[in-house]
Amino acid sequence: MHRLVAFGLNHRTAPLSVREEAAFAPEHLPEALHDLARHGGVNEAAILSTCNRTELYCQIASNDSKRALNWFCDYHKLPASTIRSHLYVHPGSAAVKHAFRVASGLDSMVLGEPQILGQMKEAFAQAHRVGATGKILNRMFQQTFSVAKQVRTDTAIGVSAVSVAYAAVSLARRIFDRLSEQTVLLIGAGETIELAARHLREQGVKHMIVANRTLERAQLVANIGNGEAITLVEMPDRLSEADIVISSTASQLPILGKGAVERALRIRKHRPIFMVDIAVPRDIEPEVSRLDDVYLYTVDDLQQVVQENMQSRQEAAKEAEKIIDLQVTNFMRWVQSLDSVPTILALRENAELVREAELQRAQQRLSQGDDPVAVMGQLARSLTNKFTHAPTAALRQADHDGNADLLRAARRLFNLGDDD
């Protein structure tokens, strides 16, 4: 059997503080995948870790997924009693359906958002590069991406596509009457920040500063809005210029502390700063929210903004669910067909041995000068007898035992029609 399981936690099942502890740093993923293969009882695996979810997709050796779950807790040094209440576990076809729904944006904070599909593709690519996936997960993820494309093509789920980055910009529009007149500091240069930069440009923002570990990547994002690129080292000294700060990096520790924000506020003469921390783990120390003149929001705070975008997509989501259910059935039929492969191979190998033996016998008779017509007739009879001997014996025993199911299966297997 080819057993599949998907488990993890997301923005619906776990608060930000728990998601932070359960997240996998991108640079640690190869090591984590190898460790999971060694100690988690899995044959294949891929890990998806974003600001809103951490999920493991596994092909396991038995029905028992406890080893993989225990590995997850041990790897993050999380007490099982603490984390288990936040985890969901999807076995078999439910794992496939979950993957299809996630990739299609049906399980996202923002219904139908497209960003998660790129994140899933990257998660699969990384697992594939390190040899953590195989025949089952390779096929599952390829079909996952195909289903997500079909959902976006055949439904309106992607109309006016939004994301957490879009929600952050929407929230900023509520705070500032004229967003175009504000200076925006973007911290990080990944896909989320790039999306935020595009949305800000569409809102007419004229002054963007992009701070990133590497200046080259920061410049690429800054170019989207004719902005300025700086390094993270320069960021604290430029913080006072920012009316809006949106941060999303892969740092495992906060990169913007209370002290730096206090200094910026003094320079600004306490003009307010609007901050959105999209990162998991958080980029901005939680204590910053206690400062006067700072309005700090995290990904969890964006939920209200996100809800407003969901209403128009509910009907499209219903259509998407129908597509997904059909494709799950198709995929599971393929998985179940794999169970027949060893039997098919054994049948063909046995038939090939019989064919080879009878052919050699016929060739030997021909070389001795026997009548070719007689030799060919004997060859045909021998092959028929050899191929039907075992099934015939099994059917006689089935008749003797009253095994009507095997008799019906044999008629179907050999295309004999109904038994009248």
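Residue check: is I278 under 30 Å from T153 (Cβ atoms) and in contact with a strand residue (DSSP E or B) (Cβ under 9 Å, 6 or more places away or on another chain)?
yes
Give the residue, chosen from L338, L406, L347, L379, that is under 30 Å from A95 (Cβ atoms) and part of a helix (DSSP H, G or I).
L338
How many residues does segment 81-136 hold that are in a loop (DSSP other than H, G, I, E, B) and among the hydrophobic types (A, V, I, L, M, F, W, C)?
Result for segment 81-136: 7.
When residues of segment 158-181 are filtered for being assigned to a loop (DSSP other than H, G, I, E, B), surrounded by fewer than 24 Cβ atoms within 10 Å (Cβ to Cβ) and either in contact with a helix residue (DSSP H, G or I) (Cβ under 6 Å, 6 or more places away or on another chain) or of a type outside the set (G, A, S) (or both), how many remain?
5
Determine whether segment 377-384 contains at least one residue that is exposed (fewer than 12 other Cβ atoms within 10 Å of the Cβ) and within 50 Å of the chain's Cα centre (by Cα).
no
Go through (1) in contact with a Cys (Cβ under 7 Å, 6 or more places away or on another chain); (2) of a type in the set (G, A, S); (3) assigned to a helix (DSSP H, G or I); (4) modelled with pLDDT of 95 or more for A45 and report which single condition fails.
The one condition A45 does not meet is (3).
Which number in (1) over 11 Å from the mean Cα position of the chain (by Cα); (2) of a type in the set (S, T, N, Q); (3) not assigned by TED's automatic domain parsing to the domain that holds K206 marks the one condition that T144 misses?
(1)
Which condition number in (1) in contact with a Pro (Cβ under 8 Å, 6 or more places away or on another chain); (2) more than 30 Å from L171 (Cα to Cα); (3) modelled with pLDDT of 90 or more is the one that L366 fails?
(3)
Looking only at residues in segment 281-335 that are in a helix (DSSP H, G or I) and either hydroxyl-bearing (S, T, Y) or touching a Phe, Trp or Tyr at 6+ places or on another chain (Cβ under 7 Å) (or both), which one is modelled with the lowest pLDDT?
Among residues in segment 281-335 that are in a helix (DSSP H, G or I) and either hydroxyl-bearing (S, T, Y) or touching a Phe, Trp or Tyr at 6+ places or on another chain (Cβ under 7 Å) (or both), the one modelled with the lowest pLDDT is S312.
Looking at S65, S85, S81, can you tell me which residue is in contact with a Pro (Cβ under 8 Å, 6 or more places away or on another chain) and either surrounded by fewer than 22 Cβ atoms within 10 Å (Cβ to Cβ) or assigned by TED's automatic domain parsing to the domain that holds V130 (or both)?
After ruling out the rest, the residue left standing is S65.
Just give me the residues in segment 151-205 being basic (K, R) and either in the same structural domain as S251 (by TED's automatic domain parsing) or within 16 Å of V276 (Cα to Cα) (or both), in sequence order.
Of everything in segment 151-205, those that are basic (K, R) and either in the same structural domain as S251 (by TED's automatic domain parsing) or within 16 Å of V276 (Cα to Cα) (or both) turn out to be R173, R174, R178, R198, R201.
Could you please tell me which pairs satisfy a Cβ distance under 6 Å, a separation of 6+ or placement on different chains, a first residue in segment 288-301 that is free of Cβ contacts under 8 Å to residues at least 24 places away in the same chain, and a second residue that is outside any loop (DSSP other than H, G, I, E, B) and surrounded by 20 or more Cβ atoms within 10 Å (Cβ to Cβ)?
Close Cβ pairs satisfying both conditions: S289/L296; L296/M275; L296/V288.
Name, by its number, the condition in (1) under 24 Å from P286 (Cα atoms); (2) out of contact with any Asp or Glu (no Cβ under 9 Å at 6 or more places or on another chain); (3) of a type in the set (V, I, T) that does not hold for T214.
The one condition T214 does not meet is (1).
Quick test for you: out of A32, A6, A61, A46, pick the one residue that is more than 17 Å from V89 (Cα to Cα), in contact (Cβ under 8 Å) with a residue 24 or more places away in the chain and not basic (K, R).
That would be A32, the only listed residue that is more than 17 Å from V89 (Cα to Cα), in contact (Cβ under 8 Å) with a residue 24 or more places away in the chain and not basic (K, R).
What do you reckon, is P26 assigned by TED's automatic domain parsing to the domain that holds M140 and over 17 Å from the mean Cα position of the chain (by Cα)?
No.
Here is a check on your reading of the model: is R152 part of a helix (DSSP H, G or I), in contact (Cβ under 8 Å) with a residue 12 or more places away in the chain, charged (D, E, K, R) and closer than 19 Å to Q303 by Cα?
Here the answer is no, as R152 does not meet what is asked.
Restricting attention to segment 7-23, does a residue exist that is part of a helix (DSSP H, G or I), farther than 22 Å from P286 by Cβ and among the aliphatic types (A, V, I, L, M)?
no
The values are calculated or read from the model by the stated rules, or taken from the named source; none is laboratory data. Since the structure is predicted, the reported quantities are computational estimates derived from the model, not experimental observations. Cβ atoms come from the backbone with ideal geometry, glycine included; neighbour counts cover every protein chain shown.
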